[in-house]
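Read-outs throughout are calculated quantities, based only on the coordinates presented, and are distinct from any laboratory measurement. Everything numeric in this text was worked out from a predicted model, so none of it was measured. Heads up, the Cβs are rebuilt from the backbone with ideal geometry, glycines too, and the neighbour counts pull from every protein chain shown.
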Amino acid sequence: MTRPPGFDQWEERFAGAEYRFGREPNPFLARCRLLLPAAGGALAVADGEGRNGVWLARQGLDVVSADFSPTAQAKARALAAEQGVAITLVEADVHGWDYPEAQFDVVAEIFTQFSPPAGRALKWAGMKRALKPGGLLIVVGYTPKQLAYGTGGPKDVAHLYTRAMLEEAFGDFADLAITEEETELQEGAGHSGMSAVIGLTGRKR
């Protein structure tokens, strides 16, 4: 894999013994538990140190955890072993990865807002392609209000998510639900404090 922009910075962020974004799943993802199938395949996009992919595996899903950081993936492997589940690790840049066609019952993208607009379009197109018809999409991100909080996430407004942006990208999905909230996050040192968050669920037609 050719090293993508930001590779060295993320390797440095993930280098410590602590899990930068904690070891527990994102709260919005955890609230989606009842929407998950009892079995099937799940793709965790830019899954970092694996907290979300490991949680999906604990729900009985066969998880592919994709990320470009080998350091993060080593920690994801350790977390999975500690929690007694298996995940498949794929070292890949999620902007340029060859997403498989209609392979997953669930695709989750949680706080992957390092993507510039052009990369985001490629990533989202790949995620849509990877979902089976009827498959569940889960997306979580910061909104532009997050810039005022400064408790995590990018500093460039072009990387942040809005309701209109998500509706334009995924408006063809069934059962589309979008929630905006300002809430306290405690997800390791990376996300800590009051935060402006947007979450989406929907099913591919």
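What net charge is computed for the residues neighbouring Thr162, neighbours being all others with C-beta under 15 Å from the C-beta of Thr162, Lys and Arg scored +1, Asp and Glu -1?
Taking every Cβ under 15 Å from that of Thr162, the sum is -3.
To the nearest 0.05, how large is the calculated FRET efficiency for Arg203 and Asp62 if R₀ is 25 Å and r is the Cβ-Cβ distance?
Calculated value: 0.85.
For the chain, take the alpha-carbon Rg, divide it by the Kirkwood Rh, and send me Rg/Rh.
Expressed as Rg/Rh, it is 0.92.
Among the lysines, select those whose C-alpha is under 24 Å from the C-alpha of Lys204, and discard any that sit fewer than 8 residues away in the same chain.
Qualifying lysines at Cα under 24 Å: Lys123, Lys128, Lys132.
Which of the aspartates and glutamates could a cross-linker bridge to Lys75, judged by Cα under 18 Å and excluding same-chain residues fewer than eight apart?
Within the straight-line limit of under 18 Å, Lys75 reaches these aspartates and glutamates: Asp8, Glu11, Glu12, Glu18, Glu24, Asp47, Glu49, Asp67, Glu91, Asp93, Glu187.
Which Cα, out of Ala121, Gly141, Ala108, lies furthest along the positive dipole direction of region 100-144 (beta carbon charges, K/R +1, D/E -1)?
Ala121
So how much slack lies between Glu101 and Val157, counting 0.36 nm per residue of separation and subtracting their Cα-Cα distance, in nm?
Full extension from Glu101 to Val157 adds 17.0 nm.
In deg cm²/dmol, rounded to 500, what helix-only [θ] at 222 nm does the chain give when every DSSP H run of at least 4 residues adds -39500 (n - 2.57) and the total is split over its residues?
-8000 deg cm²/dmol
Taking R0 as 25 Å, what's the FRET efficiency between Glu181 and Glu18 from their Cβ-Cβ distance, rounded to 0.05?
FRET efficiency, Glu181 to Glu18: 0.40.
Please work out the Kirkwood hydrodynamic radius for region 123-199, using every pair of different C-alpha atoms, and report it in angstroms with one decimal place.
About 13.6 Å, per the Kirkwood formula over Cα pairs.
Apply the Karplus curve 6.51 cos²θ - 1.76 cosθ + 1.60, θ = phi - 60°, to the phi angles in region 179-189 and return the couplings in whole Hz, x for Gly and Pro.
For region 179-189, the Karplus curve yields 10, 10, 8, 10, 8, 7, 10, 10, 10, x, 5 Hz.
What FRET efficiency comes out for the pair Asp172/Arg31, r = Cβ-Cβ distance, R0 = 22 Å, nearest 0.05?
For R0 = 22 Å, the calculated efficiency reads 0.40.
How would you classify region 32-112 from its alpha-carbon gyration tensor, with a ≥ b ≥ c the square roots of the eigenvalues: rounded for a/c under 1.5, else prolate if a/b is greater than b/c, otherwise oblate?
oblate
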